[in-house]
Each structure stands twice: as structure tokens, then as C-alpha cells.
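All remarks here apply to the structure that follows.
The values are calculated or read from the model by the stated rules, or taken from the named source; none is laboratory data. These numbers come from a predicted model, not from an experiment. Note that we place each Cβ from the backbone using ideal geometry, even for glycine, and neighbour counts take in every protein chain shown. The accessibility values were calculated without ligands, DNA or RNA, using every heavy atom of the protein model including side chains. Shrake-Rupley method; radii C 1.70, N 1.55, O 1.52, S 1.80 Å.
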Amino acid sequence: MPPLVRKQILVQGVVQGVGFRPHVYKLAAEYSLSGWVKNDASGVTIEAEGPGPDVEAFIRDLAGRRPAAARVDSVVSRALPTAGDKKFIIAKSGGKALAVAIIPADLALCADCRRELSSPRNRRYLYPFTNCTNCGPRFTIVKSIPYDRPYTTMAGFKMCPECLREYGDPLDRRFHAQPNACPVCGPAVKLEAGGKNFAGPAALEAAAKLLIAGKIGALRSLGGFHLACRADDPSAIRKLRGAKRRPHKPFAVMAPSLAAVKKYCFISPAEAAALGSPEAPVVMLRRRPGKFKEPAPGLSRLGVMLPYTPLHAALFALLEKKGFSGPLLMTSGNFRDEPICKDGPDVRARLAGVAAFSLSHDRPIHNRCDDSVAFEACGELRLARRARGYVPSAVKLPAGGAAVLACGADLKNTFCLTRGTEAFLSQHIGDLAEPLNQAFFRETLANYRRLLKISPSVIAHDLHPDYASSAIARSLPGRKIAVQHHAAHALSVAAEYGLAGSFLGVAFDGTGYGTDGQIWGSEFLVFEKQTWRRAGHLKYFALPGGDIGALEIWRPALALVKAAYGPEWGAQAAGLFKAVPAAALHTVERMIDAGVNSPRTCSMGRLFDAFSFIAGVRTEATYEAQGPMELESLLPGPAAAPYAFGLCGGEDDLQIDPSPAVKAAAADRLAGKTPAYISARLHAGIIGVAASAAASIAKDAGLDTICLSGGVFQNRALLEGLTAALKESGFKVYSNLQVPANDGGLSLGQAWYALAGYRQA
Ligand code: ZN
Ligand code: ZN
Ligand code: FE
């Protein structure tokens, strides 16, 4: 027998609250090692004693066979003198464990729990609160640290002897599973429909029946309520859209299984992996022609998720038993831009008019949290909305410093708190123009500060003086740093990849306040030695009526057409505006001419809006970026030459002139060319001109690295096309993966701007 050795092993990463100690315990038993394992301030510490080769194999397997929800960043070991322990034990957590406690994110139902839930002989058969150390609620039920049952919303449920036995057994999958529960001792569902009440299994049965009958239900999930109905029932969907005042906005669906998803969507291996991951986001998939158009009218993509809670799984099992195997439409239970509803009074007050029934339960939601939304581009998974499953996991920063709070922007708001080199973004909060969301921001900030024990001394915020997020920042104590919107977008990429050197940031975006007081949104920014300067952008055009131009997209189109053709535009392009009432057209033309309520903009988002109008896709939008998303959905169009854009101005002020492209698109449209044809020429044209502008600026500034960010890069064709073109020219190209490229990732860039000490050159 080889000589005995003893090693101390430190494991760091996401290793607490995810079943790591039982994993270590089981491995130690497998290799017959003695010693102990415990949680402490820095992660998990182990002392293991046994024959040398066995200890080595044990160390290898710590990361190699880790639990699904764990992430191992490092495993460091050192030799100790042998101590002659008789057995391996799970020791009490070190007292310092509380100092840097980690709150795990919510985890989707695991395969083991799913099996138990669908086995009629299991004591958790169809039990909607089944969970274990590998799955279940975490962030949404945590009230305080440490992450232990008394500090969660499970505190009110006393475990029965059988659950307690599981909880205390190191070899059980439910060892220290804080939300552990069963039908005897745990939470229960209840259903309310037209004055009738059902509880437990009868409630689930009734919900399944009502859904199949075409009713809209409010379903309480992990982080809040969904509104749900059959995804194949146009009249139910119409009613839901009417109540939410969302005539076209894409809604996600929940499908019973991956096999079912394949029937209505094309799906890549990365997309399939994302759907089945512990984060279980909504994944934007390419819809098969003719399938489920109503949830996302006019778009080629459909947002799909799988049942991620045991409640969903039990509901879908019952639906299937009753003969319904289709997807359910599932959208956040809220109205327009308000926060998601989380409890009964919320639902009665706000959803009663829409939902024929509510399926709720008695496990309180402490932190409300929407579904996350992901999509694949350039072969990698990206986030359009970062919330459930991802928060409050930290993004690792290249360097640390004083604790910073970054307040984000007003649309798709998130905030970011830093602690050393960790950046904790909040879940998606939403549009801060809505006062309920400002309250949601403050409530979430208080929760984060308490859970993470962070007291920020520096407050970063958007440069826009009138943003609600800037006003919140001003109301908080600490040194304030105003950050230009697009500089923050570009730095969100640099922060993710740890890029410390010089680079070119290309931020294509809807709206951001510029240092000249204009509305920016197509910025080429040079970052050198902690400074930034603007080196290029789209030529300014008028935005008559300001923000309303994002919905009345014929307004920026009129401004661009007038700029392209001059005063005689009517003779050549009046035909484009036939659908716009003559009086409105006339008024807006006068506004542009007189410069009344017509801020100047170089927004790439508004440029795409205008082209979607010119292409004949639509006259007005009912949600932001509807036109551009429908335009992208027409790709790949027929092969056609790219539209030409002009490039003018000097080395430090390169300007992209859209006039030649506007004229060519108008001529195509008036000659009866299809929107798909115009879309193909437009995308190729913008990719081409953006690539040459970026290459020319980067070359002048001696840069070899380019970061792409901003909401317009959620356009997959644009992101993939520009990335490929720039890589072909020899540049290193980076874009957001861990945080959204839209304003949902802005707070990370703001925080990094403040931490790294950036300023305008
Ligand atoms: Zn589980
Ligand atoms: Zn129990
Ligand atoms: Fe933005």
C-alpha cells in the first residue's frame, strides 16, 4: 500500500449552497479518505488523508465531477503532516463564513427531482415544491444571510421527520437543502377562480382544466406571477394583448419538453444546452414556418423556455394527462412597464381584470425576479435580459477598488454593486420612468446591500441630467461620477473580458445623452490610458418630436429623406409617405425646417427605425425596435449589392453619411422591390460602412482591439456580420456575453469606468 499523505485543499468559486460539501463527502467515501470539509469565508476548505494516488484522484474529481450548479474557479492544495483521522466528516462552517457570504442564484428543477415528481409511487409525486441541493429557489427566497432556512421565506415551514432526515444525511441529495419540503410539511398551491377556491392537487387539476378551456391564468412562479394561456389560442392571446396593451410585443412560450420545442423551432446544440441549463432562460429560437405566429407576430424568432419549477412540471404533466401537449404562452404578470407582481394582493389589484383564475401558493417571494432572455450569436450564448438564474452571481472584474454603486440608465434598468473584483448586477428592473419601478429599484438596492454587505462610497450614473436613475444617484451619499452612456456600453465589454489596454469601442444604440447635449447612438470611441474620446459617428439628423420618433418611425424617416433629397424631396419620395396623414406630415416637416422640438441625433436605432419605414415594413411601432426586428426577421433576403453610405470628415471626426443609402432604399421601395430585398441591402451596407469606419479609426489610433456594444447589437445579423468583417481585417473583436449589450448591461460599464478611473480626454 502506498504511504499515507494528508493535504489541505482550498476550493474557490460558486461552491456554497449548491451541494458541494455532500459532493466532497461522497468522493471521500468513494476513495476511503479521512479528514473533513467545511465552508468558510473564501469557499470550501478540505483536509483529506489517504494513500497518495487516491488523494490525487480525489482532488481531480473535486472539479471534474462537481455538482451541476457549482462553478470551480480554483483548487489549491498543500501537503500537511498526517493526523490519523478515523473518518471523514462535514465540519461546522467557520465563523468567518458570514463575511463574504455568497447568495446562490435560483436553479431550475434538476433531473433527479423531475424523476421523483413524475413517479406515482414517490412521496413527492406531482409535488410543486420539490427541490434538492442541485435545484430550487435561492435568491428569490433569501431575506438575509447566511443562506440558511431561518433567513429564507421557508422559515415558516417546519420540516417533517422524513424531510429532516434527508436534510441531516450527508449522503442524501437533500443534505442541507434549505428549501427542502414535501406534501406533508411544505408549501401548498391554491387556486382561486370566480369565487371558488381549490387547494393542493385539486388546485393544479383545476388550473390544467381552465387553461385547456382557453382561460387566462395568473400563475405564481419563482420570482413573480406569469400570465398564461394556450399558445395556440388566438382569441385568448388577443384578450391578453388587449389587457396588457401590447398589440404586437413578442411573448415567450413554455414548452413541455425539448422534444416538443423541436417540432416548432430550429434549435442548435448551444440553444438546447441553454434551455436545459440550471439557469433555464427564455431562449430566442428560429421558428419553423407557420408554427405559433401569434406569440411573436412579424418575427422569425420565438422566445421559448422549459418548465423550470416543479410547479410548472406538475402542471404540464397534468395538461398532458388531459390530452394537451402544446406550449403555453407565458408573459410576466405585470402591465406595460410596471414591476412583476409577486403576491396575492398584487394580483387581485392589478391582474384581476385579465386573469380568469390565479394559481398561487404560500411560499412568499422575497426578491421579485423576471425570466432571463438569451440568444445565440457568433456561436455563443448571450443575454438580452439578465435576471432569474443569473442574479446575484458576480461578474469578475479585472481589478478591484472602492465599493461602487452604478445606477444604470432609465430603460431596461439594472444597477451594479462592486465588492473587490466582484460586480453584482441587480436583476432586470425595467423602465425607471415608471414610479413603481423606482420603488422596485430602491427595494432591490436595500436587499442587495444587506445580502452582500456592501456600503458603496462612489456612485456612478448616466450623464443624462433628467434620468430618474441620475436623480436616484444624486439622492444617495457618496462621490458622484457621471458617465457618458456609450462610453459605459463600450466599457461593459472591456470589464467582461478584462481588457486593460487601449481599444476602440463601437456603440450602436437607441438613445444616449452626448457630451454636446445631443442624442448619441452610433459612437466610435477611442479608449487609451484611462481616457476616452469620440472619433466618429453617424451624421446628425433631426428627430422631430424627440422620443416619440421611436414609435412614430415615419418621423425620423422624413428627416432622413429630406436631408438626402433636399427641399425637392416631395417630387421623388412623397410616395413613401402615403400612409401618413397629410396634416401630420406637413406639421412634422415644418418642425424639422424650423428646428422646433427636433433634437439632433446620430442614433443607429432611429436610423434602423427609419429604414424599416422606408422598406415598407411598417408606419408606426407599438414597442421599441419593432421595425428593425421585423426587418431583421426578413433575412437572409435575396442576394443583392450593399447600399452605399458616405464617409466624410477628418481623422478625429469621421462621419457616416446615410444619404446615398436612403435614396437607394427609397428608389427600391418605389420601384416595388420587396422589404426583404431592401433589408438585405441595408444590413450589408451598414456592416460594410461600420467596418471601414472602425478599421480606419483604429488604424489611425494604432489600435488592434475593438469592442462592440449597445442595444442595436442584439441584431444578430449586424453583430455577426461586423464581427466577421473586422476579424477578417485582423482585429481582435469582443462583444458582451455575461451582461446584455443593451442598457441592461450599462451599469457594469459605469461601475468599471468609476473603478478604473476613466475620464474624457
Ligand atoms: Zn433537485
Ligand atoms: Zn416533509
Ligand atoms: Fe444604451
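Name the residue, out of Glu422, Glu443, that is open to solvent by 10 Å² or more (accessible area, probe 1.4 Å), more than 28 Å from Phe129 (Cα to Cα), at pLDDT below 95 and among the acidic types (Asp, Glu). Walk me through it before giving the result.
On the way: Glu443 fails: more than 28 Å from Phe129 (Cα to Cα).
Result of the check over Glu422, Glu443: Glu422.
Yes or no: Asp516 among the charged types (D, E, K, R), away from ligand 2 (no atom under 16 Å from the Cβ) and within 21 Å of Phe608 (Cβ to Cβ)?
Numbers: among the charged types (D, E, K, R): yes; away from ligand 2 (no atom under 16 Å from the Cβ): yes; within 21 Å of Phe608 (Cβ to Cβ): no.
So Asp516 fails the test.
Could you list all residues from the range 211-238 that are touching a strand residue (DSSP E or B) at 6+ places or on another chain (Cβ under 8 Å) and of a type outside the set (A, V, I, L, M, F, W, C)?
Narrowing the range 211-238 to residues touching a strand residue (DSSP E or B) at 6+ places or on another chain (Cβ under 8 Å): 211-212, 214-220, 224-231, 236-237.
Result: Gly214, Lys215, Gly217, Arg220, Gly224, His226, Arg230.
Filter the range 170-201 for residues that are away from ligand 2 (no atom under 14 Å from the Cβ) and under 28 Å from Ala91 (Cα atoms); which is surrounded by the fewest Cβ atoms within 10 Å (Cβ to Cβ)?
Leu171
Give me the pairs, please: first residue somewhere in the range 367-386 and farther than 27 Å from Leu451 by Cβ, second residue anywhere and polar (S, T, N, Q), beta-carbon distance under 7 Å, and either six or more positions apart or on two chains.
Filtered contacts from the range 367-386: Glu376/Ser268; Cys378/Thr723.
Hey, does the range 117-126 have a residue that's open to solvent by less than 30 Å² (accessible area, probe 1.4 Å), within 16 Å of ligand 2 (Cβ to nearest atom) and at pLDDT 90 or above? Break it down stepwise before answering.
Kept after step one, since they are open to solvent by less than 30 Å² (accessible area, probe 1.4 Å), are these residues of the range 117-126: 117, 124.
Checking which are within 16 Å of ligand 2 (Cβ to nearest atom) leaves us with 117, 124.
Next, only the ones that are at pLDDT 90 or above stay: 117, 124.
Within the range 117-126, one or more residues are open to solvent by less than 30 Å² (accessible area, probe 1.4 Å), within 16 Å of ligand 2 (Cβ to nearest atom) and at pLDDT 90 or above.
From Gly570, Gly566, grab the single residue that is in the same structural domain as Gln655 (by TED's automatic domain parsing), free of Cβ contacts under 8 Å to residues at least 12 places away in the same chain, over 36 Å from the mean Cα position of the chain (by Cα) and at positive phi. Lay out the reasoning, then the answer.
Values: Gly570 fails: at positive phi.
Result of the check over Gly570, Gly566: Gly566.
Which count do you get for residues in the range 309-342 that are open to solvent by 40 Å² or more (accessible area, probe 1.4 Å) and closer than 30 Å to Thr622 by Cβ?
3
With Ile89, Ile59 as the choices, which residue is under 21 Å from Val15 (Cβ atoms), in a strand (DSSP E or B) and either at pLDDT 90 or above or open to solvent by 60 Å² or more (accessible area, probe 1.4 Å) (or both)?
Values: Ile59 fails: in a strand (DSSP E or B).
Checking each option against the conditions leaves just Ile89.
Looking only at the range 725-746, how many residues end up being in a helix (DSSP H, G or I) and either buried (at least 19 other Cβ atoms within 10 Å of the Cβ) or touching a residue at least 24 places away in the same chain (Cβ under 8 Å) (or both)?
Step one: list which residues in the range 725-746 are in a helix (DSSP H, G or I), which gives 725-728, 743-746.
In the following step, the residues that additionally are either buried (at least 19 other Cβ atoms within 10 Å of the Cβ) or touching a residue at least 24 places away in the same chain (Cβ under 8 Å) (or both) were identified as 725-726, 743-746.
Count: 6.
With in a strand (DSSP E or B) and either over 24 Å from the mean Cα position of the chain (by Cα) or at pLDDT below 80 (or both) as the only criterion, which of Leu329, Leu359 stands out? Break it down into steps so the answer makes sense when it comes.
Numbers: Leu329 fails: either over 24 Å from the mean Cα position of the chain (by Cα) or at pLDDT below 80 (or both).
Going through Leu329, Leu359 in turn, just one is in a strand (DSSP E or B) and either over 24 Å from the mean Cα position of the chain (by Cα) or at pLDDT below 80 (or both): Leu359.
Looking only at the range 697-710, decide whether some residue is away from ligand 1 (no atom under 16 Å from the Cβ) and without any contact (Cβ under 8 Å) to a residue 40 or more places away in the chain. Lay out the reasoning, then the answer.
In the first step, residues of the range 697-710 are kept if they are away from ligand 1 (no atom under 16 Å from the Cβ); the result is 697-710.
Narrowing further to those that are without any contact (Cβ under 8 Å) to a residue 40 or more places away in the chain: 699, 704.
Yes; the residues of the range 697-710 include at least one that is away from ligand 1 (no atom under 16 Å from the Cβ) and without any contact (Cβ under 8 Å) to a residue 40 or more places away in the chain.
From Leu631, Leu703, Leu682, grab the single residue that is buried (at least 16 other Cβ atoms within 10 Å of the Cβ) and farther than 30 Å from Ala579 by Cα. Outline the logic, then answer.
On the way: Leu631 fails: farther than 30 Å from Ala579 by Cα; Leu682 fails: farther than 30 Å from Ala579 by Cα.
Leu703 is the lone residue from the list that is buried (at least 16 other Cβ atoms within 10 Å of the Cβ) and farther than 30 Å from Ala579 by Cα.
Taking the stated definitions as given, is Leu451 modelled with pLDDT under 95 and either in the same structural domain as Gly702 (by TED's automatic domain parsing) or farther than 14 Å from Val739 by Cα (or both)?
Numbers: modelled with pLDDT under 95: yes; either in the same structural domain as Gly702 (by TED's automatic domain parsing) or farther than 14 Å from Val739 by Cα (or both): yes.
Taking the combined requirement at face value, the residue satisfies it.
Going through Leu211, Leu240, Leu204, Leu222 one at a time, which residue ends up being within 16 Å of ligand 1 (Cβ to nearest atom) and assigned by TED's automatic domain parsing to the domain that holds Ala296? Give the steps one after another, and end with the answer.
Values: Leu211 fails: within 16 Å of ligand 1 (Cβ to nearest atom); Leu240 fails: within 16 Å of ligand 1 (Cβ to nearest atom); Leu204 fails: within 16 Å of ligand 1 (Cβ to nearest atom).
The conditions single out Leu222.
I'm checking my understanding of the structure. Among residues of the range 239-276 that are farther than 23 Å from Gly627 by Cα and part of a loop (DSSP other than H, G, I, E, B), which one is nearest to the chain's Cα centre (by Cα)?
Per the stated criteria, the residue is Gly276.
Residues in the range 202-235 that are crowded, with 21+ Cβ neighbours inside 10 Å and free of Cβ contacts under 8 Å to residues at least 40 places away in the same chain: how many?
1
State the number of residues belonging to the range 575-590 that are touching a helix residue (DSSP H, G or I) at 6+ places or on another chain (Cβ under 9 Å), among the hydrophobic types (A, V, I, L, M, F, W, C) and assigned to a helix (DSSP H, G or I).
Initial filter on the range 575-590 (touching a helix residue (DSSP H, G or I) at 6+ places or on another chain (Cβ under 9 Å)): 575-577, 579-580, 584-585, 588-589.
Next, only the ones that are among the hydrophobic types (A, V, I, L, M, F, W, C) stay: 576-577, 579-580, 584-585, 588.
Subsequent filtering for residues that are assigned to a helix (DSSP H, G or I) retains 576-577, 584-585, 588.
The total comes to 5.
Please work out if Ala374 is open to solvent by 10 Å² or more (accessible area, probe 1.4 Å), on the phi < 0 side of the Ramachandran plot and either outside any helix (DSSP H, G or I) or not assigned by TED's automatic domain parsing to the domain that holds Thr723 (or both). Break it down stepwise before answering.
Details: open to solvent by 10 Å² or more (accessible area, probe 1.4 Å): no; on the phi < 0 side of the Ramachandran plot: yes; either outside any helix (DSSP H, G or I) or not assigned by TED's automatic domain parsing to the domain that holds Thr723 (or both): yes.
Judged against the criteria, Ala374 is not a match.
For the range 256-289, name all the residues that are open to solvent by 50 Å² or more (accessible area, probe 1.4 Å) and among the basic types (Lys, Arg). It would help to see each step written out before you state the result.
Within the range 256-289, the subset open to solvent by 50 Å² or more (accessible area, probe 1.4 Å) is 258-259, 262-263, 266, 269, 273, 276, 279, 286, 288-289.
Hits for the range 256-289 are Lys262, Lys263, Arg286, Arg288.
Considering only the range 450-477, state which residues are closer than 13 Å to Asn367 by Cβ and open to solvent by 50 Å² or more (accessible area, probe 1.4 Å). It would help to see each step written out before you state the result.
As a first pass, look at the range 450-477 and keep what is closer than 13 Å to Asn367 by Cβ: 450-452.
Result: Arg450, single match.
From Ser470, Ser475, grab the single residue that is closer than 18 Å to Thr414 by Cβ and among the polar types (S, T, N, Q). Spell out the reasoning first.
Values: Ser475 fails: closer than 18 Å to Thr414 by Cβ.
After ruling out the rest, the residue left standing is Ser470.
Please work out if Ile141 is of a type in the set (Val, Ile, Thr) and either within 16 Å of ligand 2 (Cβ to nearest atom) or surrounded by fewer than 23 Cβ atoms within 10 Å (Cβ to Cβ) (or both).
Working: of a type in the set (Val, Ile, Thr): yes; either within 16 Å of ligand 2 (Cβ to nearest atom) or surrounded by fewer than 23 Cβ atoms within 10 Å (Cβ to Cβ) (or both): no.
Judged against the criteria, Ile141 is not a match.
Is it fair to say Phe292 is surrounded by fewer than 24 Cβ atoms within 10 Å (Cβ to Cβ), of a type in the set (Phe, Trp, Tyr), closer than 26 Å to Gly627 by Cβ and in contact (Cβ under 8 Å) with a residue 12 or more places away in the chain?
Working: surrounded by fewer than 24 Cβ atoms within 10 Å (Cβ to Cβ): yes; of a type in the set (Phe, Trp, Tyr): yes; closer than 26 Å to Gly627 by Cβ: yes; in contact (Cβ under 8 Å) with a residue 12 or more places away in the chain: yes.
Here the answer is yes, as Phe292 does meet what is asked.
With surrounded by fewer than 24 Cβ atoms within 10 Å (Cβ to Cβ) and away from ligand 1 (no atom under 16 Å from the Cβ) as the only criterion, which of Leu538, Leu504, Leu499 stands out?
The unique qualifying residue is Leu499.
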